[in-house]
1. I'm told B:Arg147 meets every condition in (1) surrounded by fewer than 24 Cβ atoms within 10 Å (Cβ to Cβ); (2) touching a helix residue (DSSP H, G or I) at 6+ places or on another chain (Cβ under 6 Å); (3) closer than 30 Å to B:Met3 by Cα except one. Can you identify the failing condition by its number?
2. Can you tell me which residue among A:Ala407, A:Ala403, A:Ala436, A:Ala382 is closer than 16 Å to A:Ala529 by Cβ, away from chain B (no Cβ under 14 Å) and in contact with a Leu (Cβ under 8 Å, 6 or more places away or on another chain)?
3. Report the residue count in the stretch A:108-155 for those that are surrounded by fewer than 24 Cβ atoms within 10 Å (Cβ to Cβ), within 30 Å of A:Ala357 (Cβ to Cβ) and at pLDDT 95 or above.
4. Go through the stretch A:385-400 residue by residue and tally those that are within 12 Å of chain B (Cβ to nearest Cβ) and in contact with a Phe, Trp or Tyr (Cβ under 9 Å, 6 or more places away or on another chain).
5. Applying the selection to the stretch A:633-690, what residues are more than 11 Å from chain B (Cβ to nearest Cβ), within 30 Å of A:Gln195 (Cα to Cα) and surrounded by fewer than 22 Cβ atoms within 10 Å (Cβ to Cβ)?
6. Is it the case that A:Leu695 is modelled with pLDDT of 95 or more, surrounded by 22 or more Cβ atoms within 10 Å (Cβ to Cβ) and under 23 Å from B:Leu96 (Cβ atoms)?
7. Being touching an Asp or Glu at 6+ places or on another chain (Cβ under 8 Å) and among the small types (Gly, Ala, Ser) is the filter; apply it to the stretch A:620-635 and report the residue that is farthest from A:Asp567 (Cα to Cα).
8. Scan the stretch A:696-710 and report the pairs whose first residue is under 30 Å from A:Glu619 (Cα atoms) and whose second residue is among the aliphatic types (A, V, I, L, M) and part of a strand (DSSP E or B), with Cβ atoms within less than 6 Å and a gap of 6+ or a chain change.
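The values are calculated or read from the model by the stated rules, or taken from the named source; none is laboratory data. This is a predicted model, so every value here is computed, not measured. Neighbour counts are summed over all protein chains in view; Cβ atoms, including those assigned to glycine, are modelled from backbone coordinates with ideal geometry.
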Amino acid sequence: MTTTRPDIDVSRRAFAIGAASALAGLTIGFRWASAQAPQGGPPVPPMIRNNPQLDAWVRIAPDGSVTVMTGRVELGQGILTAMRQVAADELDVAPARIALISGDTALTPNEGVTAGSLAVKLGSTALGLACADARATLVGVAAKAWSVEPQAVKVEDGIMLGPAGQRMSYGEAAAKVSLSRPVDVTAKRKSPAEQRLIGTSYPRTDIPAKVFGEQVFIHDLRPADMLFGAVARPPAYAARLVSADLAAIKAMPGVVEVVRDGSFLGVVARREEQAQAAADKLARSATWDNGAPLFGGKGIFDYLLTADSETKLLHAVKADAPAAAVSHTAEYRRHFQAHASIGASCALAQWQDGKLAVWSHTQGPFPLRGDLAKALKTAPDAIRVIHAQGAGCYGHNGADDVALDAALLARAVPGKPVRVHWAHQEEMAWEPWGSAMVTRLAGGVAADGTLTQWAHDMWSFPHSTRPGSGQGCNLRSAWYLADPVPAAKAVDGPLPNGAAARNAVPIYAAANQTVTSHYLADMPIRTSALRTLGGYFNVVSAEMFLDELAAMSGRDPVAFRLANLKDPRLAAVLRKAVEMSGWTPGVVARRPLAPDMVGTGVGLSRYKNQDAYVAVVAEVSVDTNSGNIRPLRLWSATDAGRAVNPDGVLNQIDGGMAQAASWTLQEAGRWDRGIMTAVDYGAYPIQDFVTTPALASTVIDRPDQPSLGAGEGSQGPAGAAIANAVFAATGRRIAEVPLTPERVLAALRA
Amino acid sequence: MGMLSVNGRSVSVDVDPDTALIYVLRNDLALNGPKLGCGNGLCGACTVHVDGRAVRSCQTPLKALAAGAKIVTLEGLGSKDKPHPLQAAFIAEQALQCGYCTNGMIMEGAALLADKPNPTEAQIRQHMNTNLCRCGCQQRVVRAIQRAAGKGV
């Protein structure tokens, strides 16, 4: 049979030219002009401020071929399809004719990390503006040549047409004008009425290749002479290596090199399974000092509430309010939760003459490059990071860490490409987890049903410890080297984005409000960004609390929300989801136990208080004998402003609901003295076909409004709706996520 | 040195007979379809057909294959020019996000349809239940299988 080998250039030439053939002939190494906002002019989009040159975003070759560059990367969210839609519309070029280059430190703008539902909001805004500027510039050349007004020039797939039948291609015009200048931020983007692709469910461009088994993923890269690497992991996070018999491992079948650098141990072998077998044996046969027990042996919620934390009042509103007729306080708890990607993290690295090329599914090629340079004690410009797709990550998983592992192992075999693909259990044990959290809420309701007071406190470990954060190095193996580079001190992100406090500012118009964080920067179990950061659990907590206030004041949860909402767009999505679900108003109360109890609940939020508006209604059944909760149906309504690709938004919203159902009902990390132990899908089950509820979702398109981040919008409301449906079904609150059968039974018996 | 029949072609491989089929398919034969997922047979990303049955290639050592066993991977199921109905249905339904599990979804779903051309939704969900998708595309996958079965949307 034919054995295809990928056309990858991991030689020295990889530093000089692009990996994609479309880039042949382009030189690399942009000069970044200093960014300046014009006096009194329109605001400069943040990504343009960081990457002001027009030809950093779009290039037109003399033959008319179009290359568009984005720092954003495909994570399975369909972002490159959305970017292609935006570029094609603004340039008036057929989408299939655009060469789209993504996430390459040698070739694309630096857009930091692709995260936080910001790719469309920030990335497409910048790219759209650059493409609009490029189109106007090229049209200007033709208009001048033909002595006509620019408005008289039409463009059809990169060919400019004049009123008297004149024709000029973009390629001809590009030869007469330089795009090597700052983006003109006054360039006018097309109005919604002029857009042909933006706002349509243009089919994902990456799906056919994935359906036919073409080479798409980083795991599929197989350059000639590739070797396989694997890391021998310590038995505990705090463990340090005492001794290891490297010679015995070197003698194993296929082993090419055994690497020890401090407590970092790994192997390079000819075959993947040989590398894994050797690394397993190396880890087991080495002698380790295991270090201190996690959390000093305390329970996690006890630890969160009692260990040293930094308390900060983040938000306060004070106003006169009527006396509270109902006052209430509550505490909610959430366990550690994992990204649990189907494909473990993977990277390919090759050293050549002191330079390093790394293929990575990182969310941030540039920040990764910076942290690699720190760990490897080399200059950032000696490293090129090139994005290649991985399995969905849902936040900061092992993607960045494995890139350092590959670089450390490849350094032992200069010139040879080395691929490292973590084992699934390795990913689950060593990736950063989503933080366990405790929240406490206090509130009051006046006799007329208006909120008088709302106080939201949360105790949490960090939610963002990505590469590129501060002075240290946030790549795990760097901490185990003989000359270690410790992690940067974790800093909680400020509102309105927030990290631990994301979405803790109430969406309801309580007269008096506070949000207070209790931040534990030191994390015995490493934590970082899991889709929504603290947002999921802050929304779940707030929405659970709101339903308890509604019940205590004898009000229907939907009516109570509408009476206390100020934002009409939040009210609109709530009304829509409620209408879709056929909501029956009522007051939640304790009901006599029956074998199978069905209930309906609602959850509402505006992601980060500034992105997509999402309302979810959930219907669940509770088996009161087993304690098992079955989510039956979820209905959602989303307002993401101008939806660049409505089906893409729906796919994200639905997927987020299915994932959040799993988080809310079954996912919890467990650990022993020194390390996470629920590290496979048996011990850490995730959503499947039988337990995933039926989903019905609607996008309310608002073509006249800016695009809002949607990719993480449904997690909080979906979790809240499920928890509130259980509350409605039984009249009992289960205050600890996940809502496991044991906790359900305990609540029913209380 | 052993002979394997993969996607209708006979190929020789020179590896330890204890080696899991997934490594041979991916690393020796440069096939991209089967994906290494959990490595424990729990997620289904590595699914291939052996003599028409869906099997987990991460749990199938070469020595467990019958002589002359016919292996079909996603690449052999259909192509852009001649797609299997389920491959076409996955495109029509946009039934994935990252696509890492897609190989297993299609291979397992195709095996179901070969066995049971008109499954009910409940039968589809039950059959597919040990194929995991972390992106949460279960409902779209069900729709794609229904579409390929000539049902539903």
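1. Condition not satisfied by B:Arg147: (3).
2. A:Ala436
3. Looking only at that region, the number is 0.
4. Total meeting the criteria: 4.
5. The answer is A:Arg642, A:Pro646.
6. On the way: modelled with pLDDT of 95 or more: yes; surrounded by 22 or more Cβ atoms within 10 Å (Cβ to Cβ): yes; under 23 Å from B:Leu96 (Cβ atoms): yes.
For A:Leu695, the condition - modelled with pLDDT of 95 or more, surrounded by 22 or more Cβ atoms within 10 Å (Cβ to Cβ) and under 23 Å from B:Leu96 (Cβ atoms) - is met.
7. Among them, the one singled out is A:Gly627.
8. Cβ pairs passing all conditions: A:Thr698/A:Ala637.
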